1. Please list the equivalent ellipsoid semi-axes of chain B, computed as the square roots of five times the alpha-carbon gyration tensor eigenvalues, in descending order and whole angstrom.
2. Chains A and B: what accessible area do they bury, summed, in square angstrom to the nearest 100, with a 1.4 Å probe?
3. So what's the gap between the Cα centers of region B:14-44 and region A:150-227, to the nearest angstrom?
4. If we hang a label 7 Å off Cα along the beta carbon direction at B:Leu339, how far is it from the matching labels on the other copies, in nm, shortest first?
5. Averaging over every viewing direction, what projected area does the convex hull of the Cα atoms of region B:322-452 cover, in nm²?
6. Tell me the distances, shortest first, between A:Asp124 and the same position across the other copies, using label points 7 Å along Cα→Cβ, in nm to one decimal.
7. If amide hydrogens are placed 1.01 Å from N in the peptide plane, which non-local residues have theirs closer than 5 Å to the one on B:Ala173?
8. I want the local charge near B:Thr199. Using Cβ-Cβ distances under 12 Å, sum +1 for each Lys or Arg and -1 for each Asp or Glu among the other residues.
2 protein chains.
Amino acid sequence: MVIFASYSYIFMQNILVIGAGRSASSLINYLLTHSVKENWNVTVGDVSLDLVKQKTAGHSNARAIQFDINNDAQREEEIKRADIVISMLPAFMHMNVAKDCVKYKKHLATASYVSKEMKELDADAKAAGIILMNEIGLDPGIDHASAMKVIDHIHEQGGELTSFQSFCGGLVAPECNDNPWGYKFSWNPRNVVLAGQGTAQFIENGEYKYIPYNRLFTQICTIEMDGYGKFDAYANRDSLSYRKIYNLEKIPTMLRGTLRMPGYCKAWNVFVKLGLTDDSYKIEASETLTYKQLLEAFLPQGKQSVKEKLIAFMGNEMDAETLSKIEWLEILTDRKIRLKDATPAQILQDLLEEKWLLKENDKDMIVMQHEFEYSLKGQTKKIKSSLVVKGEDQTYTAMAKTVGLPLAISAKLILQGKIKARGVVIPTTKEIYEPVLAELETLGVKFVEKGI
Amino acid sequence: MVIFASYSYIFMQNILVIGAGRSASSLINYLLTHSVKENWNVTVGDVSLDLVKQKTAGHSNARAIQFDINNDAQREEEIKRADIVISMLPAFMHMNVAKDCVKYKKHLATASYVSKEMKELDADAKAAGIILMNEIGLDPGIDHASAMKVIDHIHEQGGELTSFQSFCGGLVAPECNDNPWGYKFSWNPRNVVLAGQGTAQFIENGEYKYIPYNRLFTQICTIEMDGYGKFDAYANRDSLSYRKIYNLEKIPTMLRGTLRMPGYCKAWNVFVKLGLTDDSYKIEASETLTYKQLLEAFLPQGKQSVKEKLIAFMGNEMDAETLSKIEWLEILTDRKIRLKDATPAQILQDLLEEKWLLKENDKDMIVMQHEFEYSLKGQTKKIKSSLVVKGEDQTYTAMAKTVGLPLAISAKLILQGKIKARGVVIPTTKEIYEPVLAELETLGVKFVEKGI
């Protein structure tokens with residue numbers, strides 16, 4: 001009996017998923033769905049065992065464990081058992097996992113940017129014969145894959161790219177858009193509140209362009225998407241580094257940006273200008289203040305009402321629509337601040353998490369659009385490549401699908417031996433992007449390409 | 001012979017000065033001048049032996065050494081020899097010195113803010129019977145001493161402070177002010193370029209006030225100084241923590257600010273708004289650009305000249321005087337950037353270091369003014385306490401005097417056994433501020449107090 005059991009185990013492959021939060025729903029679902037045919041044992045670990053049990057729902061190939069990333073013994077034990085590890089942890093927590101993966105010769109997949117420390121593991125990972133696959137979620141992830149597919153195709157035809165602009169936004173589906181901001185949280189609220197801090201860097205017609213945070217949300221552009229109308233786009237922090245990643249080192253225009261509903265940026269700029277997105281210091285005794293009092297502390301002194309002072313303060317940057325967005329948040333009211341000694345950004349986030357909650361039957365929406373310009377045989381050509389994905393509900397969000405499915409598919413391809421690359425890898429090569437994009441299409445994540 | 005030499009050494013006290021840069025001139029001069037009467041051997045160490053030799057000028061009680069703070073053996077050896085160590089190093093380099101001082105039971109004096117790590121040495125320093133005296137320069141230093149003298153006096157009379165505003169600036173003397181900014185560097189240029197980043201925090205009439213960096217230089221106030229006219233003042237980052245330090249925890253108004261010549265802040269705001277004071281990322285191939293091209297990269301695109309675009313960009317924040325300040329810096333010209341792959345702040349600093357150079361015969365000027373409001377026996381009273389110190393030349397600057405002399409005097413008082421406090425200390429107690437201020441007066445560093 002024991003011998004038989006062991007024998008059957010030889011043919012099972014073990015997947016360890018670390019983290020069962022919001023973005024892991026579709027990933028876990030895919031892995032469990034495919035586990036029978038593929039002979040996978042899927043171990044899912046999270047600090048919250050309840051969360052894991054909820055996500056694995058008693059599936060026969062699932063093993064639910066409570067998992068503490070800082071418990072070295074447990075982490076090493078679980079990684080030793082696995083053939084591949086999928087880490088859904090925040091980026092800064094990957095490194096212990098990655099080092100164990102190298103040590104025990106196990107593959108790793110994450111949706112996070114390659115950090116300097118991760119990059120340094122490249123040679124060791126290659127020597128260990130494993131792949132440390134990173135940036136295989138939505139953004140980064142699907143953006144790389146879908147962009148490189150078009151870029152490689154243009155290069156193969158002998159074309160030369162003169163402009164590449166790429167935009168992505170995690171929004172709320174129009175039919176569920178019932179607030180004046182047109183926004184609800186489908187991923188980490190903290191990242192939304194702190195978005196753009198630093199200086200945006202891109203290149204336009206051969207000239208470098210820099211937009212510091214203090215005017216990032218005022219220097220926006222408008223993106224049009226067939227069937228979905230117009231969106232605001234603000235520049236992402238670093239567009240320049242993508243020239244090297246995409247093999248476009250001499251391209252004169254390269255811009256990556258984030259999409260929001262029209263008017264969002266103008267209203268968000270009120271918070272930036274006030275200083276309410278600062279996360280670097282704590283407001284003393286914040287729990288004793290109302291939101292109106294907090295706002296007042298950021299406004300020049302005067303005898304008018306807070307609302308009047310705010311309007312005067314913003315000058316011609318304020319209009320009725322912007323004011324209505326601000327007022328809708330109840331930030332001009334006597335609403336009590338709940339957080340104790342918190343930063344302005346934390347206090348703002350706490351309010352927004354309530355106001356911008358993705359409700360149970362709300363659907364989120366991912367929008368991505370690439371705009372390529374290139375010259376081919378003396379002619380200037382343009383291609384637009386667009387993706388819209390809507391969520392099913394609050395659990396199987398578009399965000400969870402587009403982050404989790406590329407991870408799941410690439411894990412399958414690695415276990416099947418179809419991805420042969422080793423070392424620290426991102427999905428910019430055909431070996432990866434072709435099968436990943438092809439399978440994503442079958443799952444409803446499909447780009448529409450159009451010459452314009 | 002050997003015995004006699006040793007005998008005489010018993011009566012000599014050893015002072016170790018680490019760092020012989022710009023701010024150390026007056027400190028070293030004071031120590032050497034007093035060394036004969038006080039029986040001091042003064043060892044001065046710096047990475048540059050030339051600099052040390054220049055500052056010690058062959059004085060018989062001076063010992064000039066090349067000193068490498070990262071050479072553990074040398075550092076410990078020199079600290080072991082000393083009775084007191086005076087560290088002129090940048091704040092972040094003090095800790096190894098401070099730890100050695102505790103280990104070998106030697107006193108320490110610095111002009112830097114007490115760091116968290118320094119504070120943690122308090123109990124050990126007390127156990128070792130030594131003083132770790134910090135914040136005993138100008139600001140912090142003379143500001144603490146002179147403020148506490150008035151505050152203690154008001155409290156002793158039974159008065160209650162209702163407002164304390166304190167301003168300080170390191171400027172150029174009016175007779176040497178030959179540039180439109182009214183500013184030349186008398187201390188670390190980097191600190192001037194990065195000044196104010198973060199959010200200024202203070203309290204006014206019982207209400208907390210926050211001014212983020214993006215509008216710090218627009219929300220200024222005007223300070224009047226008898227005999228010297230008006231100055232711009234912008235709020236320092238942290239005024240709130242001084243309430244505890246000064247024993248004014250319930251004071252309704254507490255503001256600390258930095259003084260500049262009128263018009264400076266309005267012009268500096270142009271750089272803030274452009275983003276040219278950002279030190280967090282590098283401009284690619286900056287050495288291939290001109291200053292005009294750099295400026296253009298921060299301006300919205302358009303067909304006008306850079307100057308026209310800059311004027312349009314600043315809108316009503318630009319006037320003729322502001323523009324003349326900007327143009328005087330040659331930042332709108334084809335002047336080449338000298339630094340390779342540098343940050344915007346570094347590139348700006350490199351230009352300013354040439355333009356704002358304190359020339360050989362230029363005199364700098366320190367201006368400090370405290371404004372106290374208090375109630376005493378039902379009456380509201382006001383006191384202004386003001387200090388103006390002018391430098392002698394480029395070496396014995398007002399900055400070097402006001403930073404170095406309090407350090408030197410307090411070192412003398414410690415060696416003489418007149419300061420008995422032990423542990424981590426700042427000059428807010430009478431034992432320290434009374435004799436330090438009294439001797440500073442004899443050296444021309446004298447506050448003028450006036451009821452208003």
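The values are calculated or read from the model by the stated rules, or taken from the named source; none is laboratory data. Bear in mind the structure is a predicted one, so any value in this text is a computation, not a measurement. Positions of Cβ are generated from backbone atoms using ideal geometry, with glycine treated the same way; all protein chains shown enter the neighbour counts. Quick note on the areas: whole protein, heavy atoms, side chains included, nothing else; ligands and nucleic acids left out. Shrake-Rupley method; radii C 1.70, N 1.55, O 1.52, S 1.80 Å.
1. Numbers: eigenvalues 308, 173, 76 Å².
Calculated on Cα positions only, the semi-axes equal 39, 29, 19 Å.
2. Working: alone 20460 and 20490 Å², together 38330 Å².
Buried area (both sides, nearest 100 Å²): 2600 Å².
3. Here the two parts' Cα centres lie 59 Å apart.
4. 3.3
5. 14.3
6. 3.1
7. When sequence neighbours closer than 5 places are left aside, the close amide H contacts are B:Lys363, B:Asp364, B:Met365.
8. Details: positive: A:Lys282, B:Lys209, B:Arg215, B:Arg237; negative: A:Asp278, A:Asp279, B:Asp238.
Charge balance near B:Thr199 sits at +1.
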